[in-house]
Structure formats: structure tokens, C-alpha cells
Ligand code: NAD
């Protein structure tokens with residue numbers, strides 16, 4: 001691992017300050033409601049560059065009156081938006097996709113200064129958002145086709161119509177602040193819903209470029225509204241009587257609270273929550289090929305990706321080889337300034353997250369795991385939220401680091417006596433989000449993949465497909481995003497029964 005000296009920290013601060021000076025959104029006045037920026041009084045939250053610890057922006061914390069105003073604006077806009085045909089909405093969404101791509105650079109920098117994701121990651125945020133918008137635009141014809149179903153006994157028929165579910169609260173975490181909003185926003189727009197977005201506290205500014213792009217595309221004012229704030233604001237939004245559906249991505253404990261509130265209110269909710277996914281390495285796996293995808297599949301975004309496979313499990317015959325490959329691959333990946341295109345590991349998103357991850361590293365050491373790289377509990381440099389990328393070998397399924405989501409650059413390596421035992425270990429957490437099976441015989445690997453108790457699983461690949469559902473089982477969530485299944489979460493059916501024609 002490369003270490004970062006005090007000189008590099010000073011030059012990083014200067015370099016970041018020069019770039020931040022050119023960003024359009026830093027200290028913003030208010031919330032974006034009904035096409036206007038409000039003037040908010042009340043408390044403000046700073047936006048911190050996690051690489052340097054420097055505050056560079058601030059946003060207001062929305063109170064009950066702000067939440068009321070945002071929901072009212074979305075409600076006012078909803079009827080007219082729903083009355084447009086799906087293909088008209090799709091045209092506007094495609095234009096929005098083009099307008100986002102034209103903002104790729106500034107969006108990438110803002111995102112990197114909010115959460116420390118390396119530019120190698122954030123450079124793709126705009127094109128990924130555009131791709132998602134275009135995929136959902138391509139699904140609009142499904143809403144135009146009438147669905148007529150005969151009664152079982154004949155004679156009568158039912159027209160199954162799909163209505164937009166209404167005004168949606170979109171609540172996002174900080175790890176991918178654009179993508180995790182767009183996978184909710186795109187189906188909502190195509191379905192004819194309007195939205196109030198609440199980004200996570202650390203990442204409140206990059207999401208503004210989505211609204212700029214929507215304005216440029218001609219999406220009417222009030223269809224998309226953005227309010228900023230922390231959990232209290234999110235809670236007000238979830239419980240607001242004018243909200244028809246909640247779409248949430250975030251941690252499992254917060255997801256449970258939201259599910260409880262929505263249960264009480266009988267309010268539809270989609271929950272994309274935490275994960276602790278496993279890469280199962282079969283005896284015939286090609287470890288050279290695996291090393292090419294390892295950082296992305298197990299540590300993407302400095303380990304802050306919900307569906308990466310941070311537990312690696314294999315049989316004793318491949319274990320030492322796997323430890324050597326993972327150790328060498330992680331040790332060779334550059335740690336440093338997220339603004340540097342070569343950087344693989346930037347800081348984690350906040351100092352609080354750094355301390356949380358360091359707590360897990362401490363727990364790993366205390367419980368008897370062996371750090372083959374990293375394992376330093378002292379942060380590698382002061383001020384920033386850096387954590388030394390860490391590989392733990394000799395991990396057992398009972399250890400805290402094998403069971404809980406760490407959400408930082410930490411990999412755990414487990415040994416299983418057989419492939420069946422490895423499947424049991426993979427399925428032995430409270431979560432059920434992702435996973436990968438690495439194996440030479442892809443038919444065998446596919447059959448093992450089908451035994452993984454998770455919403456998604458890759459065979460020799462780490463992937464997601466915007467046309468296919470993505471979601472978690474068990475403590476990883478309720479419902480799915482992406483694909484027609486993701487679109488249907490923003491629709492409510494109406495069955496109109498009539499005499500057959
Ligand atoms: P978090 O749960 O702390 O916060 C997520 C969002 O919820 C933020 O906007 C926050 O302000 C808001 N919030 C907090 N308390 C709330 C409340 N009581 N009511 C309403 N809103 C509230 O999560 P985080 O730390 O921002 O994100 C990391 C977590 O997100 C990890 O657990 C990760 O696995 C998960 N995640 C899941 C997926 C997925 O698709 N399954 C994707 C990315 C991240």
C-alpha cells in the first residue's frame with residue numbers, strides 16, 4: 001500500500017480548493033421546490049471533503065413546513081404529468097438523459113468532493129444515470145398496451161389498467177448519490193409519478209444536476225423536488241400524508257424504521273438495504289481471471305457498495321492460493337487523492353464511517369483474524385477519512401467481520417471444508433443481496449449460483465443489468481428496482497370488468 005505523506009496532504013488540499021472554486025453549487029440558499037429555490041432560514045449542514053476534512057459547502061435542513069411545501073408542489077404537478085402519454089414522458093426522459101451527460105464533469109467533481117469516491121468511479125455517474133433513464137424510457141410502450149383478460153368462465157372480460165401510484169418520496173444514501181436516486185426517479189417519471197427527493201446528509205449537492213437536466217429537457221416544474229436534511233427530515237417525508245409511496249435505499253436499521261412507519265400507514269414501500277455478500281470460489285476457479293475483477297467485485301468504491309462480495313469462501317485446496325492472490329491484488333492498488341484518475345481507494349465518505357470501519361478492523365484483530373495487508377487501526381493520514389485497505393485471512397463465520405456489513409475497504413477470507421459447506425456459509429448471514437460464483441465450469445457454477453439465497457448473483461462476473469430486477473432478500477430489503485418489475489413498483493393496477501366485446 002502506498003502511504004500518504006504530509007506534503008501530499010497539503011498539495012491535495014490546494015488542488016481540491018482550486019477545483020471546488022469552479023463548482024456551481026457549494027453554499028446553497030434553499031430547497032428546490034416547484035421549480036424555484038426557496039430561501040431557507042433554520043439550521044444548516046456543512047458539506048465536507050472527506051479527503052481533506054475541509055468544509056466547502058452547506059445546505060439547509062428541511063423542517064416540516066419545507067416538507068409540506070415540497071409534497072404540495074409534487075401533488076400539484078402530478079395530475080398534469082400523469083395525463084401526458086407514456087411516450088411523451090419517455091421523450092422528455094430521453095432529453096433529460098442527454099442533458100445529464102453534458103454535465104458529466106461537474107457532476108463527477110461535486111460527487112467526489114462530497115463522498116470521496118475516486119474520479120475513476122464518479123466519471124461514469126452521468127453516463128450511468130443517462131443509461132438508466134434511457135432503459136426506463138424504452139419500457140414506456142408497456143404502459144400503452146391495453147391488457148384485456150377474459151373471465152375464466154367466458155362472457156365477461158377485464159381491462160387491467162395501470163395508474164401512476166402518485167407522489168413518491170425518494171430517500172437515498174451517500175455511497176452512489178446519483179445512481180441510487182436515478183434508479184427510483186426514472187421509473188417514477190415514466191410511470192407518471194412526481195417525486196420529492198431527499199439525498200443523504202453528506203451528498204446533498206450533486207443531485208442538483210439531475211434537476212438542472214430535467215429543467216433543460218422541459219420536464220415541468222414540480223415534477224421533481226429536492227429537499228435536504230438528515231434523518232429527521234427523511235422521517236417527516238416518509239410519514240407525510242401527501243406521500244403515496246416511499247422508495248428507500250440505505251441501511252437495514254433505518255429501513256426497518258421506515259418499514260414500520262409505512263406498515264402503520266399502509267403505504268407502499270421499496271427498501272434496498274445492506275448486504276454481506278459472498279464470492280464462492282470453486283476448486284476449478286481461474287484465480288488470475290478473478291484477480292482482474294476482484295477490486296471491483298469485492299471493494300468497489302472503497303468498499304462502500306451494497307452488493308460487493310466482501311466475504312470470499314473457498315475449499316482448503318485453494319485457500320492459500322486465494323489468500324496470496326487477494327493480498328497481492330489489494331496491496332498493489334493505489335490509495336490516495338480521489339481526484340487522481342489512477343487512485344483505486346480514496347477516503348471513505350465521512351469521519352464517522354472511518355471510525356466505524358476502524359472499529360471492525362479492531363474487532364477482526366481481537367477475534368483472531370490475520371491481516372495479510374492493511375489492518376492498521378490508526379488512519380493513514382490526519383484530517384481525511386482514509387482507511388488502510390485490509391485483507392483478513394483465517395476468518396470464521398462466527399466472527400463479527402464475517403457477519404456484519406462493514407462498508408469500507410475490508411475483505412474477509414473464509415475456509416470451507418467442501419463446496420456444500422461453502423454454500424451454507426454464503427447463505428449463513430442475515431442478508432441476501434448479491435454474490436458471485438467463480439468457477440472454471442460455468443454450468444456447474446451456474447447451478448451453485450442458483451443455490452445462493454440472494455436477489456442477484458453473478459457467474460464469474462460482478463454485474464447488474466438495468467433490464468433485470470435488482471433487490472435483496474431477508475435483511476437486504478423488500479421489493480426490487482430495475483426492469484419491468486422496478487417500473488411496476490410505481491404503478492397501481494385498476495381492473496375494469498365489462499361485458500366481453
Ligand atoms: P442510512 O440508512 O443511514 O441513510 C440513508 C438515507 O436515509 C439518508 O438519506 C438518511 O438521511 C435517511 N434517513 C436516516 N434516518 C431516517 C429515518 N428515520 N427516516 C427516513 N429517512 C432516514 O444509510 P447510509 O449510511 O446513507 O448508506 C449506507 C447503507 O446503504 C449501507 O447499509 C448500504 O448497504 C446501503 N445501501 C444499499 C443499497 C441497495 O441497493 N441494497 C445500495 C446502496 C447502499
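Out of the DSSP beta bridges found with both residues in the chain, what percent are antiparallel (nearest 5)?
So the antiparallel bridges amount to about 45 percent of the total.
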Residue list for segment 126-157, given a label point 7 angstrom along the Cα-to-Cβ vector of residue 467 and an amide N cut-off under 19 Å: 128-145
Rounded Å value of the spacing that divides the Cα centres of segment 392-447 and segment 121-146: 32
Mean Cβ neighbour count within 10 Å, used as a protection proxy, ranking 124-137, 196-209 highest first: 196-209, 124-137
Packing-based order for 295-303, 259-267, 45-53, using average beta carbon neighbours within 10 Å, highest first: 295-303, 45-53, 259-267
Residues in segment 50-65 that a label on residue 19 would reach, taking backbone N under 19 Å of a point 7 Å out along Cα→Cβ: 50-58
Two-site FRET efficiency, residue 501 against residue 446, from Cβ-Cβ distance with R₀ of 45 Å, rounded to 0.05: 0.50
Nearest-ten-degree value, helix 64-83 long axis tilted from longest Cα axis of the chain: 60
Length released on extending from residue 366 to residue 291, taking residue separation times 0.36 nm less the Cα-Cα span: 24.2 nm
In degrees, nearest ten, helix 6-20 long axis to first principal axis of the chain (Cα): 10
Tilt relative to the chain, helix 316-331 - C-alpha long axis, 0 to 90 degrees, to 10: 80
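Just so you know, all these numbers are worked out from the coordinates, no wet-lab data involved. Bear in mind the structure is a predicted one, so any value in this text is a computation, not a measurement. Counting neighbours? That spans all protein chains shown, and the Cβs are built from the backbone with ideal geometry, glycine included.
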